[in-house]
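Participant: Supplied in structure tokens, the structure appears directly below.
The values are calculated or read from the model by the stated rules, or taken from the named source; none is laboratory data. Fair warning: this is a prediction, and the values are worked out from it, not measured in the lab. Ideal geometry is used to build each Cβ from the backbone, glycine not excepted, and the neighbour counts take in all protein chains shown. Ligands, DNA and RNA are stripped out before the accessible areas are found, and what is left, the full protein with its side chains, is counted by its heavy atoms. Shrake-Rupley method; radii C 1.70, N 1.55, O 1.52, S 1.80 Å.
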Amino acid sequence: MKGYRRILIRKGADWEDVTNKHAIIYGGGQGCLDMMSELQLPNVKYVIDSNEKQWGKTLILLDQIYTIESPLILKRLPLDEYYIIISSDKYADDIKKNIENLVETRNISICMKQNIGISYSLLEELLFYDSRIKRALVRTNWSQKLDRLINLFLSVTKNTFPGGIISDYISIWNSASKILFCVCIDKNFYVFSIPALYCETESALFSHNPEERERKFYFRKKYNIGNELTVYEDSAGVLLQEMADSFVDFKIEDNIRFVLERCYGLHQLEYDFTVQHEILEERYRIAAMNLKKRAPWELKRIQELDSQVRILLQNIRKMKPKLSICHGDVVCPNIVSKEGKLFFIDWEYMVLANPLYDVCSFLYNLETKDLFAETEGGEKASRKIYKRLRKYLSYYYKRECTDKEYYQAYLVMQTLECREIMRDGFYIGHIVEERFDNLLKRIKCKEI
């Protein structure tokens, strides 16, 4: 990781410097491999896992060979010399409990991969050396326009903070459709982002039309949408905003209610432009197309799902949903907290669409994805999910939803499931057979 200055762990609005400590990765599965591929972290000393079947297996991370150890090794280590990275989002809570049962957690720093920041002293170092940023530069087609990107950043920061002193550039997370990083100006942290010139995987949804982007910008300005943390924004999509204290804890029911009520308020706004997309269909099609390229041996299953999705979309259209202004990407990382208040960020995909897309994509991201991946899988998990769907729809509508409203959301959720099975298949190189069979069975079944 040439060029880096410090390795930081984000704790609310503060950062802890762990550059001189050794890293322990907790979780030796696919999440560990993906995390190291993304972060390229140095100083990894151990990989541990709660699953006994993993112990003794070997991993290759950045050309180094590791043997997966039992978590009991934590008892033998001088914890003040280490920090732990949890590589599995799904099992994070269980892992934290396991650590608490083994050692005094006040003696060791614990974080998720999304809370790790790599700090650089110069913007050029961040762009040239950071693995996350380099991937984003290629993916968003900025890799040959670095001078323009640097000049744009300097122009925005100098005009917004005349005389401001920049002390750090921090790579903090990946993005599919933009370049973004954190910058420290006069000891305060801000997020700078610049949109893709052309994003290959999302080209059907990502707006490269300057007029369309400008209409969306002025619409949000008119209703003061998404401007709570904004320090600078222009109609081209360049954004500088205050850094949030943290992401939101959705184990708190009131936070779920807030998001759904906020979605409903957004969906009631009058609109005077036609940035319209069949966003549900388009995102499914993109996921299916990517999986065909990655795993052509899954063509038969992809075709089977394609035929079912066509039926689902036809049934949704028959219900003639009223189109509304939608955020377009209501997932948990796009809802943040600042001084106890919750805000939506990342309005890049704002479109005119079926409002239940916002609702269902949030609920799916919130809880359904992990449940479908569990071994209890199939039917038992799906019944839990769709039972909760009715309850959460009552938060959205601020009343009991009708059977028609529930049925439409049910169809949207099933279409989202089809898209997610394609996306997950792309990442692992195949479609999980049990999950596929169960989903197909439920789609074909008329019972709700």
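Participant: Considering only lysines 8 or more places apart in sequence, or on different chains, count the pairs in region 115-252 whose C-alpha atoms sit under 20 Å apart.
Facilitator: 5
Participant: Taking only protein heavy atoms and a 1.4 Å probe, what accessible area per residue, in Å², does region 49-176 have with all protein chains in place?
Facilitator: 54
Participant: Here is a follow-up. Which entry in [x] 103, 47, 41; [y] 140, 51, 34; [z] 62, 57, 42 matches Cα extents along the principal axes in Å derived from the coordinates of this structure?
Facilitator: Only one option fits the structure, namely [z].
Participant: Here's another thing I want to ask about it. In whole angstrom, note down how far apart the Cα centers of region 86-156 and region 307-363 are.
Facilitator: First find each Cα centre; the distance between them is then 27 Å.
Participant: Hey, any idea what Rg/Rh is for region 21-107, computing Rh the Kirkwood way over Cα pairs?
Facilitator: 0.92
Participant: Moving to a separate point now. Considering only DSSP beta bridges whose two residues both sit in the chain, what percent are antiparallel, to the nearest 5?
Facilitator: 75
Participant: Enter the mean projected area of the convex hull around the alpha-carbon atoms of region 95-153, in nm², rounded to one decimal.
Facilitator: Dividing the Cα hull surface by four gives the mean projection, 6.0 nm².
Participant: In addition: Once every DSSP H run of n ≥ 4 in the chain is given -39500 (n - 2.57) and the sum is divided by its residues, what mean residue ellipticity at 222 nm do you get, rounded to the nearest 500 deg cm²/dmol?
Facilitator: Mean residue ellipticity, 222 nm, calculated: -13500 deg cm²/dmol.
Participant: A further question on this structure: Taking θ as phi - 60°, what are the ³J(HN,Hα) couplings along region 110-127 by the Karplus curve (6.51, -1.76, 1.60), each to the nearest whole Hz, with x for Gly and Pro?
Facilitator: Going residue by residue, I get 10, 8, 8, 4, 6, 9, 9, x, 9, 9, 10, 8, 10, 4, 4, 5, 4, 6 Hz, with x marking Gly and Pro.
Participant: Moving to a separate point now. Give the longest segment of the chain that steers clear of GluC sites (Glu not before Pro) in DSSP loops with at most 15 neighbouring Cβ atoms within 10 Å, not counting the sites themselves.
Facilitator: 105-269
Participant: Considering only DSSP beta bridges whose two residues both sit in region 43-183, what percent are antiparallel, to the nearest 5?
Facilitator: The antiparallel fraction comes to roughly 65 percent.
Participant: Next question, about the same structure. May I ask what percent, to the nearest 5, of DSSP beta bridges between residues of region 57-129 are antiparallel?
Facilitator: 50
Participant: Round to a whole number: what % of the accessible area of the chain belongs to carbon and sulfur, probe 1.4 Å?
Facilitator: On the chain, the fraction of accessible area on carbon and sulfur atoms equals 48 percent.
Participant: Hey, which lysines would be in cross-link range of Lys75, C-alpha to C-alpha under 25 Å, not counting anything within fewer than 8 residues on its own chain?
Facilitator: Correct list for Lys75: Lys11, Lys21, Lys45, Lys53, Lys57, Lys90, Lys96, Lys97, Lys113.
Participant: What's log10 of I(q)/I(0) for region 244-340 at q = 0.20 Å⁻¹, Debye sum over Cα points only, no solvent?
Facilitator: -1.07
Participant: Sort all Cα-Cα distances of region 1-49 into consecutive 5 angstrom bins from zero, then give the percent of pairs in each bin up to the one containing the longest distance.
Facilitator: For region 1-49, the binned pair fractions read 5, 17, 25, 26, 20, 7, 0 percent.
Participant: Under the classification rounded if a/c is under 1.5, otherwise prolate if a/b is larger than b/c and oblate if not, where does region 114-226 fall, given a ≥ b ≥ c as square roots of the Cα gyration tensor eigenvalues?
Facilitator: Because a/c hits 1.5 or more and a/b fails to exceed b/c, region 114-226 counts as oblate.
Participant: Find the percent of Cα-Cα distances in region 1-158 that exceed 27 Å, and round it to a whole number.
Facilitator: Above the 27 Å cut-off, region 1-158 has 29 percent of its Cα pairs.
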